[in-house]
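The values are calculated or read from the model by the stated rules, or taken from the named source; none is laboratory data. No experiment lies behind these values; they were computed from the predicted model shown. Please note: Cβ atoms are built from the backbone with ideal geometry, for glycine as well, and neighbour counts cover all protein chains shown. To get the accessible areas, we keep the full protein, side chains included, count just its heavy atoms, and leave off ligands, DNA and RNA. Shrake-Rupley method; radii C 1.70, N 1.55, O 1.52, S 1.80 Å.
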Amino acid sequence: MKLLSCAFQVIFLASSRIDAVDVSGVTSMFTSPVDSAGAGGCTKNTARTNGRAAFASATAIAAAATTALSFTADARVSAEDVKKGFVSDASKRTYHEKLFLFVHYLLDHKPECITDVHREELQERNNIDKSNTSRGLRGSNVRYYMLAALKNIKPAVNGQPHNSPIKIDGEGAITYDEGRDFMRTKTSNIQVDRRVAENYLALIGSDEENTEEMVDIQTGKVSISLYQSFSTFSAIHSSISYLYKLAGVERPEQYVSSRNKLMEGMKRTTQAAKQHLGLIILEGKSVMSLQVYEKLAKRLFFRSDKEDIFCHVFLVLDWCLMKCAENCIGAKINHICFKDDALVFQFAKSKGNKTGDEFDSLHVYANPDAPWICPVLGFARGGKIREKENYCNLAKRESSRKYT
């Protein structure tokens with residue numbers, strides 16, 4: 001009987017691991033002794049035979065389950081990609097774009113700084129891009145080639161050289177000068193009052209003069225060229241540093257020292273220009289006020305279209321969680337639960353916790369006084385999107401609500 005019990009457990013575990021199992025050979029273990037030996041009862045030999053057959057069948061099923069489990073998709077990231085995971089995917093996209101622009105600059109001004117393996121192909125593609133008059137196709141051939149080259153960079157290990165498309169070591173390698181000259185091409189033209197422009201040009205000791213021909217007749221202002229925001233130069237600096245690290249090459253000390261001084265001076269210069277010319281000081285997106293947020297949420301709340309319901313729950317969760325949109329998009333239902341009176345969201349990593357060293361758990365609470373900004377109600381309505389023609393149509397009851 002112990003043998004039968006063990007066989008039953010093996011069959012149960014095996015059958016739970018595979019979708020379909022042929023159990024016709026083990027049905028004898030579930031039959032009564034009378035059924036097995038006829039009206040005269042079950043003999044010891046019969047029981048022993050049935051037990052052995054059941055155990056053999058169970059062993060075969062377990063082996064089949066193991067074989068079935070061996071056909072599993074390998075979702076492990078390659079070791080090379082793991083080594084390249086020292087920055088996030090979003091940062092990689094930014095760095096690759098900046099490096100593409102840097103290569104474009106080198107092709108036109110310093111083609112000798114591009115490795116021989118890639119220079120001829122890049123020049124040919126660059127000529128094709130220049131012949132394309134369509135704005136959408138401009139630079140596309142060089143971009144595709146560079147993105148593939150950057151993705152396939154292998155570091156220098158065990159005496160094997162790296163395969164960076166830009167020369168970063170050895171003879172003809174890029175220096176501080178190439179990076180500085182590339183940054184100087186990042187300018188923007190703005191219009192300011194003529195007197196303000198003349199005062200600023202005198203302040204920085206420029207020999208440029210604003211003549212009458214430069215004055216805009218309609219606005220009475222003049223156009224001047226300034227450096228772009230500091231964040232642009234910071235991204236260029238980080239992208240070049242990323243290339244060095246990706247290729248396993250140490251940056252020269254003189255290069256690092258000169259680049260750091262340039263970045264410190266650039267930050268002071270761009271901020272001083274904003275101050276003297278009366279430009280917008282803050283960079284990035286403008287802050288959304290609570291009044292604007294409530295207005296948007298309320299308009300979406302009283303709409304019944306599935307798109308509006310989804311936009312509403314996304315807006316409310318993004319506001320309450322105080323997370324980047326990428327974190328809200330990547331939130332999984334398995335990481336959401338209720339604890340006491342709070343709806344708890346768990347995140348393995350975030351922008352401020354990229355390595356996940358600190359467990360990130362955020363609690364959001366219901367807001368019965370203002371249901372249009374209630375995250376719990378919004379989350380519940382959002383779940384109805386998956387059900388065909390079975391979600392809350394609150395717009396039909398808008399007139400009956402006291403919240404207007």
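Modelled this way, with points 7 Å down the Cα-to-C-beta line, the labels at Glu80 and Ser223 are 4.7 nm from one another.
Convex hull of alpha carbon positions in the stretch 150-195: directionally averaged projected area 5.8 nm².
In terms of packing, defined here as the mean over residues of other Cβ atoms within 10 angstrom, the peptides 118-129, 197-208 line up highest first as 118-129, 197-208. Packing, as the average of other Cβ atoms within 10 Å across residues, places the peptides 317-324, 269-276 in the order 317-324, 269-276, highest first.
With a Förster radius of 30 Å, plug the Cβ-Cβ distance of Asp308 and Ser361 into 1/(1 + (r/R0)^6) and report the FRET value to the nearest 0.05. Rounded to the nearest 0.05, the efficiency is 0.50. Rounded to the nearest 0.05, the FRET efficiency derived from the C-beta distance between Arg268 and Glu97 at R0 = 25 Å is 0.40. Once the mean of 1/r is taken over each pair of separate Cα atoms and inverted, the stretch 135-219 shows a Kirkwood hydrodynamic radius of 18.0 Å.
Given a 1.4 Å probe and every protein chain left where it sits, what share in percent of the accessible area of the stretch 214-368 is carbon and sulfur? Within the stretch 214-368, the accessible surface is 55 percent carbon and sulfur. Sorted from greatest to least, the principal axis extents spanned by the alpha carbons of the stretch 163-257 come out as 55, 23, 19 Å. Per-residue packing, averaged as other Cβ atoms within 10 Å, sorts the ranges 233-245, 282-294, 252-264 into the order 233-245, 252-264, 282-294, beginning with the highest. For the residue pairs Lys84/Lys167; Lys98/Lys151; Lys285/Lys323; Lys83/Lys154, the alpha carbons lie more than 18 Å apart in Lys84/Lys167. Per-residue Karplus couplings for the stretch 77-89, computed as 6.51 cos²θ - 1.76 cosθ + 1.60 with θ equal to phi - 60°, are listed in order as 6, 4, 4, 5, 5, 5, 5, 8, x, 6, 10, 6, 5 Hz, Gly and Pro entered as x. For the stretch 215-308, the alpha carbon positions stretch 61, 48, 22 Å along the principal axes, listed from largest to smallest. From the alpha carbon centroid of the stretch 191-224 to that of the stretch 89-107 is 34 Å. Over all pairs of different C-alpha atoms, the stretch 98-255 has a mean inverse distance whose reciprocal, the Kirkwood radius, equals 18.3 Å.
With coordinates expressed along the principal axes, the C-alpha atoms belonging to the stretch 255-316 extend over 58, 30, 14 Å, beginning with the largest.
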